[in-house]
Each structure stands twice: as C-alpha cells, then as structure tokens.
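The values are calculated or read from the model by the stated rules, or taken from the named source; none is laboratory data. Note that the structure is a prediction, hence the values are computed from the model and not measured. Positions of Cβ are generated from backbone atoms using ideal geometry, with glycine treated the same way; all protein chains shown enter the neighbour counts. Protein only, heavy atoms only, side chains kept; ligands, DNA and RNA dropped before computing areas. Shrake-Rupley method; radii C 1.70, N 1.55, O 1.52, S 1.80 Å.
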Amino acid sequence: MLKTVAVVLIDDFAPFEFGVLCEVFGIDRTEEDVPLIDFRVCGERPDEPLRTSVGPALTPTLGLDAL
C-alpha cells in the first residue's frame with residue numbers, strides 16, 4: 001500500500017501540475033476510508049523560494065534527504 005509520496009520541485013515549475021499532485025495525494029480522505037498518505041514537498045535547497053512558470057513562488061520546507 002502506498003504510504004508516502006514525495007514531489008521534488010525545481011525552479012520554474014508548473015503550478016497546475018503541482019496542484020494536481022496536491023489534490024490527489026495531499027488531501028486527508030481518511031473519513032472516506034482512504035489511508036492517509038505522507039505527502040512531502042521537497043527541493044534541492046529547503047526553505048529557498050522557487051519560481052513558478054506563472055509568477056508566484058513556493059518554498060519547499062524539505063530537502064532531498066526527505067525522499
């Protein structure tokens with residue numbers, strides 16, 4: 001059973017595709033009898049903002065060691 005999903009963000013990533021991953025793996029659906037997934041957002045340099053392809057930045061809090 002899938003228990004952990006980690007996504008690695010790179011500079012100039014596409015927020016729509018990232019949003020799809022968040023929607024599928026990052027929402028707690030335990031009330032619907034779906035097991036909780038540990039969804040991790042990682043970057044090469046944690047706590048450093050990364051640009052998106054459309055403007056706003058996102059800052060991953062985990063490094064590649066969380067993979």
Original post:
Taking only pairs six or more apart or across chains, which ones have beta-carbon atoms under 6 Å, a first residue in segment 24-51 that is closer than 15 Å to residue 62 by Cβ, and a second residue that is assigned to a helix (DSSP H, G or I) and among the small types (Gly, Ala, Ser)?
Top reply: 40/66; 42/66
**OP:** Output yes when any residue across segment 18-34 is of a type in the set (A, V, I, L, M, F, W, C) and open to solvent by 70 Å² or more (accessible area, probe 1.4 Å), and no when none is.
**Re:** yes
Original post:
How many of the residues in segment 41-67 are part of a strand (DSSP E or B) and open to solvent by 50 Å² or more (accessible area, probe 1.4 Å)?
Top reply: 2
